[in-house]
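Let me begin by presenting the structure, written as structure tokens, before commenting on it.
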Amino acid sequence: MLEELHKRVPQLREKILSPFVFRTNPAYVSLLALLLAAAAGYFFYQRMFVLAGISVLLNGFFDILDGEIAKKFGSVSVFGDFLDHTFDRIADVLMFAGIALLPEIPVWLGWPTIILVLLVSYLGTQAQALTGKRLYSAWMGRGDRIVVLTVAGLLAAYFGAIVL
């Protein structure tokens, strides 16, 4: 969904991010994104849904920003890509675990969701290994999950935890 939007309007991403791109180590930005994911998971678990939604959104923003910084300042590396994807998987688990640990969420739903999120990401990595190109067009990719979790957090704040 989001990748298709990026393909149609490639200047939009650059326009939104350019004021925030500055010379720094992109790994620090990746770490900040990971810390925001941990905060989001905690806020979901504590039923602080507005803060959870905002933290998820900021996690997604900084996750995009680290790559833009690396590209602009020529610090793209295999290790950086590995670190980014590793932090993304940990972030996914942290955010979804905050929801899965809520008493209203049945175990049969929460934990298999985390497993499926990891499998979708693994399949993207496998596609990259086989084709040399990362495929982001899968259903419910990382960008889509960020949007869904952000909206779910904000709706849960408005309508109550029943949305989750």
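The values are calculated or read from the model by the stated rules, or taken from the named source; none is laboratory data. Note that the coordinates shown come from a computational prediction; the quantities given were computed from them, not determined experimentally. Using ideal geometry, Cβ is built from the backbone for each residue, glycine included, and neighbour counts are taken over all protein chains shown. All accessible areas refer to the heavy atoms of the entire protein, side chains included, with ligands and DNA or RNA removed. Shrake-Rupley method; radii C 1.70, N 1.55, O 1.52, S 1.80 Å.
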So the angle from the long Cα axis of helix 142-159 to the longest Cα principal axis of the chain, reported in degrees to the nearest 10, equals 30 degrees
To the nearest 0.05, the calculated FRET efficiency linking Glu104 and Leu31 through their beta-carbon distance, R0 being 45 Å, is 0.90
The percentage of the accessible area of the chain (probe 1.4 Å, all protein chains present) made up of carbon and sulfur atoms, to the nearest whole number, is 72 percent
The answer for the chain, accessible area per residue at 1.4 Å probe in Å², is 61 Å²
Expected vector for the stretch 118-134, Karplus 3J(HN,Hα) from phi with 6.51, -1.76, 1.60 and θ = phi - 60°, integer Hz, x for Gly and Pro, equals 5, 5, 4, 5, 4, 5, x, 5, 5, 4, 5, 5, 7, 10, x, 9, 6
Residue separation between Tyr158 and Gln126 times 0.36 nm, minus their alpha-carbon distance, gives in nm 7.6 nm
A chain fully extended from Arg23 to Val147 at 0.36 nm per residue, minus the present Cα-Cα distance, gains in nm 41.9 nm
Expressed to two decimals, the chain has a Cα Rg over Rh, using the Kirkwood radius, of 0.97
Highest GNM mean-square fluctuation among Gly80, Gly132, Gly124, for the chain with Cα springs under 10 Å, belongs to Gly132
Between Leu116 and Phe82, the two model label points (7 Å from Cα along the beta-carbon direction) sit apart by a distance in nm of 3.1 nm
GNM of the chain, Cα pairs under 10 angstrom: of Asp81, Asp63, Asp92, the biggest fluctuation goes to Asp81
Listed residues Arg89, Arg23, Arg47; largest mean-square fluctuation, Gaussian network over the chain with Cα springs below 10 Å, found at Arg23
